[in-house]
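Every number here is computed from the coordinates shown, using simple stated rules; none is lab data. Note that the structure is a prediction, hence the values are computed from the model and not measured. When we count neighbours, we look across all protein chains shown, and the Cβ atoms used for this are built from the backbone with ideal geometry, even at glycine.
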Amino acid sequence: MYDISTLKGTDRRTFFKLAAAGGAAALAMGAGQAQAQRQRTNARIVILGAGAGGAAIANRLTERLDGARITILDPRAEHWYQPGFTLVATGLKPAGYTVSGTGDWLPRGIDYVAEAAAEIDPEANRITTTGGRRIDYDFLIVATGLVLDWDAIEGFSLDMAGPENGISAHYAGPEHSVKGWQALDRFLDQGGVGMFGRPATEMKCAGAPVKLCLLAEDMATTRGTRGKTQFIYNAQAPNLFGVPVIHHRVRQIMDERDITYRYRHVLKAIDVGAKTATYETPDGDVTDRWDFINVIPPQRAPQAVRDSGLSWAERWVDQGWIEVDMHTLRHARYANVFGIGDINGVPKGKTAASVKWHIPVVEDHLVAQIAGREGTTSYNGYTSCPLITRVGRAMLVEFDYEDNLLPSFPGIIAPLEELWISWLMKEVALKATYNAMLRGRA
Ligand SMILES: Cc1cc2nc3c(=O)[nH]c(=O)nc-3n(C[C@H](O)[C@H](O)[C@H](O)COP(=O)(O)OP(=O)(O)OC[C@H]3O[C@@H](n4cnc5c(N)ncnc54)[C@H](O)[C@@H]3O)c2cc1C
């Protein structure tokens, strides 16, 4: 729909300059890696999950290690490019844009087991698969992502999502993103009350519910139906985004566009027949009518991880994220276990962009350990979210553990401005970078 050939003048020159800079960086990185000496080893390495983090680290370790026996487990035959779900759920991309084959991204020479880990025993250094196969390891990398706890929303089940009921559940996958668009499309025509919001647990891409709300409002305006639609955004916290400066900017945009926002409203139950949603608030439950609702449920570690003893005991107890050091991503109690991606119990970083910065850290510390050295690389909490504010406009927000903004293109892309170039980063460049990361080249 949005083609870079439609770019004009400065926008076009800037975009290609940035793309060239990114490409050059990726190439330079690839060349450097090719020259790095391969570490000889016969270590057995098991990777749980072949999503963004699992596929990428499998490719990196295959490059860096000579003789390692690498096994990767993942029961899902499809690889999902999840940052594309927001674009599918707003009718800007087809479902196919987000789907490829899991096996397509994996390097030759590793063992790909199309099963889930059913049991993880970090004391015995052993995984048992859902098919009953036992796999022993010397090093374990947990990259299982997270699970969506739909059952936690009373009265709701995924089969209720779709245009018939006015429900979008786009986090559930490509098909649900399509149904979510059908529901949104109908709402944008017919009007009424649109409900948006996020769960109270940690979540992947905390900007995604904000993006969906802002995009929907923009589309209603373009269609000429804004006058008969109301938009309500329900935040779980006393802010709209965890990073204060971003919270203030999002609030300003919502004020300007007459989007209602409510703090400390956590979706608890849905009555699909009555078209009502009940929210937990500090002042008791509140029940509201809706015509369209975007449901994003609480998010937790997969059960096998929660049962493994790898989770934090005193933090995120209801969520089960694994207890890794926030800078080395090495497990706090099992030195041969690392975490990559959404599963990590660290204060920030549940985005694919964060995975890109998890990979070199885990690679460095694991390869160093095999070589009998100390790793030196540190993860600073880098998290990024191209916050789409309108069709054709986004803010490229990037930040670290300390809530510092970390713009990748200082002086060129202002993080808190709604820019066409930032939109292109999300709409065009992000997938190419993601794919390069999967291949171990970014
Ligand atoms: C709607 C939406 C929008 C998003 N937008 C953005 C964005 O704009 N920018 C951004 O950077 N990020 C975005 N993200 C977040 C990003 O997709 C995730 O942070 C990223 O995919 C995390 O990578 P991962 O490897 O940890 O998990 P995943 O990529 O989810 O992969 C986990 C894999 O583990 C497998 N698995 C699960 N359990 C087991 C088990 N027991 N054994 C073996 N395998 C298992 C799964 O099948 C899956 O393939 C978005 C996510 C969503 C849902």
Which percentage, to the nearest 5, of the DSSP beta bridges contained in the range 71-228 is antiparallel? 80
Points 7 angstrom from Cα along the Cβ direction at ALA274 and ASN404: gap in nanometres? 5.1
Which ³J(HN,Hα) values, rounded to whole Hz and listed in residue order, are derived for the range 343-352 from phi using the Karplus coefficients 6.51, -1.76 and 1.60 in 6.51 cos²θ - 1.76 cosθ + 1.60 with θ = phi - 60°, glycine and proline given as x? 6, 5, x, 10, x, 9, x, 9, 9, 5
Students often get this wrong, so check it: of LYS179/LYS204; LYS179/LYS268; LYS211/LYS348; LYS275/LYS348, which have C-alpha atoms separated by over 28 Å? LYS275/LYS348
So what is the relative contact order for the chain, in percent, with contacts set as C-alpha pairs under 8 Å and at least six apart? 17
Out of residues 5 or more away from LEU146 or on other chains, whose amide H comes under 5 Å of its own, with H placed 1.01 Å from N in the peptide plane? none
What share of the DSSP beta bridges in the range 150-298 is antiparallel, in percent to the nearest 5? 40
Quick one: divide the alpha-carbon radius of gyration of the range 64-128 by 2.2 N^0.38 Å and tell me what you get. 1.50
Computed ³J(HN,Hα) along the range 322-333: with the Karplus parameters 6.51/-1.76/1.60, θ = phi - 60°, integer Hz and x for glycine or proline, the list is 7, 8, 10, 5, 5, 9, 9, 6, 8, 4, 5, 10
Report, by chain and number, residues whose modeled amide H sits under 5 Å from the one on LEU65, excluding near sequence neighbours (fewer than 5 apart, same chain). GLN39
Charged-residue dipole, Cβ positions (Lys, Arg, Asp, Glu), the range 216-372 about Cα centre, Debye nearest 20: 240
Over the range 150-298, calculate the relative contact order: mean separation of alpha carbon pairs under 8 Å at least 6 apart, over the residue count, as a percent. 32
Among TRP420, HIS358, ALA55, whose Cα lies farthest out toward the positive end of the dipole of the chain, if unit charges sit on the beta carbon of Lys, Arg (+1) and Asp, Glu (-1)? TRP420
Under the Karplus relation 6.51 cos²θ - 1.76 cosθ + 1.60, θ = phi - 60°, what is the ordered set of whole-Hz ³J(HN,Hα) values for the range 151-168, x standing for Gly and Pro? 5, 6, 8, 4, x, 10, 9, 4, 5, 7, 6, x, x, 4, 9, x, 10, 10
Hey, what angle do you get for helix 9-35 against the long axis of the chain, alpha-carbon based, 0 to 90 degrees rounded to 10? 20
Of all C-alpha pairs within the range 150-298, those more than 25 angstrom apart amount in percent to 21
Kirkwood hydrodynamic radius, computed over distinct alpha-carbon pairs, for the chain: how many Å, to one decimal? 22.6
In Å³ and rounded to a whole number, note down the convex hull volume per residue for the Cα atoms of the range 140-200. 117
Can you give the relative contact order of the range 52-137 as a percent, counting alpha carbon pairs under 8 Å and 6+ residues apart? 28
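Within a Cβ distance under 9 Å of GLY166, other residues only, what is the Lys/Arg minus Asp/Glu net charge? Write down the numbers at each step before the final one.
On the way: positive: ARG186, LYS275; negative: GLU164, ASP291.
My count for the surroundings of GLY166 gives 0.
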Report the charge-dipole magnitude of the range 150-298 in Debye, nearest 20, computed about the Cα centre from +1 at each Lys and Arg Cβ and -1 at each Asp and Glu Cβ. 420
Pull up all non-local amide H partners of ARG44: gap of 5 or more, or a different chain, and H-to-H distance under 5 Å with H placed in the peptide plane. ARG69, ASP138, PHE139
